[in-house]
Amino acid sequence: MKNIATALVKAQKAFGPALKSSTNPHFKSRYADLSACVEAVIQGLNDNGIALIQKCYDCNDGVMVETMFVHESGEMLECGILHVPASKQDPQGYGSALTYARRYSLMAACGIAPEDDDGNSASRRTEVKSEVNEHQMVDLLLAMDEVTTIVDLQKAYKTAYTAAKGEQAWVTKVIAKKDAKKILLETQLANELKGKLWTKVQLNGLPQDVAK
């Protein structure tokens, strides 16, 4: 479990709060819906090689859901089954129970809590002191721009990603820079190969004495 444990620690550093962006009309209260919960954690998980899976089990009176994390190394972490009874024995009742179960199973597995989407919560998030050396990150991003091969890009990306220390804002910038540079290098390589192929075709099409 060493690989997935290490990856989860890094992923949690990038988790955001599950913002209360939806309104319950019956209780006139705000809550974090399933999409807000997934949005709070999915990038941090995926950026660290972890897939999120929510498995359903047979249940006669409701739903049973288990949140699972699968690491790219093949390691898996199962977080326990949550049972939620259906308020009504019809598709709507089971659908509501499933959404509820997935939401709370995910929050429990990831260790996140719902938070008001207001100025106070935003202020609390910005008060967290960054551990990243901003000057170093700028230099590393520039270094990624200067590489000329995919191999060098992979090395520069790994260095920059490590330096980002799991902070979502910097991780996003590093990934975006890597993706853009990769497209550029692949395009350049394709054009070079196309040029060499065209030259070869031209030479092969010329008379033997001229081609020499």
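The values are calculated or read from the model by the stated rules, or taken from the named source; none is laboratory data. Just so it is clear, the model here is predicted, and its values are computed rather than measured. Positions of Cβ are backbone-derived with ideal geometry, glycine not excepted, and every protein chain shown enters the neighbour counts.
Out of 141, 185, 98, report the one residue that is closer than 27 Å to residue 77 by Cβ, in a helix (DSSP H, G or I) and modelled with pLDDT of 85 or more. Give the derivation first.
On the way: 141 fails: closer than 27 Å to residue 77 by Cβ; 185 fails: closer than 27 Å to residue 77 by Cβ.
Residue meeting the stated conditions: 98.
What residue, among those in segment 136-167 that are surrounded by 19 or more Cβ atoms within 10 Å (Cβ to Cβ) and not aliphatic (A, V, I, L, M), is farthest from residue 46 (Cα to Cα)? Per the criteria, the residue is 157. Exposed (fewer than 13 other Cβ atoms within 10 Å of the Cβ), modelled with pLDDT under 90 and not assigned by TED's automatic domain parsing to the domain that holds residue 45 - does that describe any residue in segment 108-119? Checked segment 108-119: no residue is exposed (fewer than 13 other Cβ atoms within 10 Å of the Cβ), modelled with pLDDT under 90 and not assigned by TED's automatic domain parsing to the domain that holds residue 45.
Condition check for residue 30 on (1) modelled with pLDDT under 90; (2) loosely packed, with under 13 Cβ neighbours inside 10 Å; (3) in a strand (DSSP E or B): one failure, at (2). Look at segment 66-89: where a residue is over 12 Å from residue 54 (Cβ atoms) and in contact (Cβ under 8 Å) with a residue 60 or more places away in the chain and a partner is among the polar types (S, T, N, Q) and surrounded by 13 or more Cβ atoms within 10 Å (Cβ to Cβ), sitting 6+ places away or on another chain with Cβ atoms under 7 Å, you get 71/3; 73/3; 75/3.
This table checks each residue for (1) at positive phi; (2) modelled with pLDDT of 90 or more; (3) surrounded by 14 or more Cβ atoms within 10 Å (Cβ to Cβ); (4) part of a loop (DSSP other than H, G, I, E, B).
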residue	(1), (2), (3), (4)
9	no, yes, no, no
16	no, no, yes, yes
36	no, no, yes, no
41	no, yes, yes, no
44	no, yes, yes, no
54	no, yes, yes, no
68	no, yes, yes, no
74	yes, yes, no, yes
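Tell me, please, whether a residue that is buried (at least 18 other Cβ atoms within 10 Å of the Cβ), touching a Pro at 6+ places or on another chain (Cβ under 9 Å) and hydrophobic (A, V, I, L, M, F, W, C) can be found in segment 81-98. Yes, some residue in segment 81-98 is buried (at least 18 other Cβ atoms within 10 Å of the Cβ), touching a Pro at 6+ places or on another chain (Cβ under 9 Å) and hydrophobic (A, V, I, L, M, F, W, C).
Scanning segment 168-198 for residues that are surrounded by 14 or more Cβ atoms within 10 Å (Cβ to Cβ), over 17 Å from the mean Cα position of the chain (by Cα) and closer than 30 Å to residue 15 by Cβ yields 181, 182.
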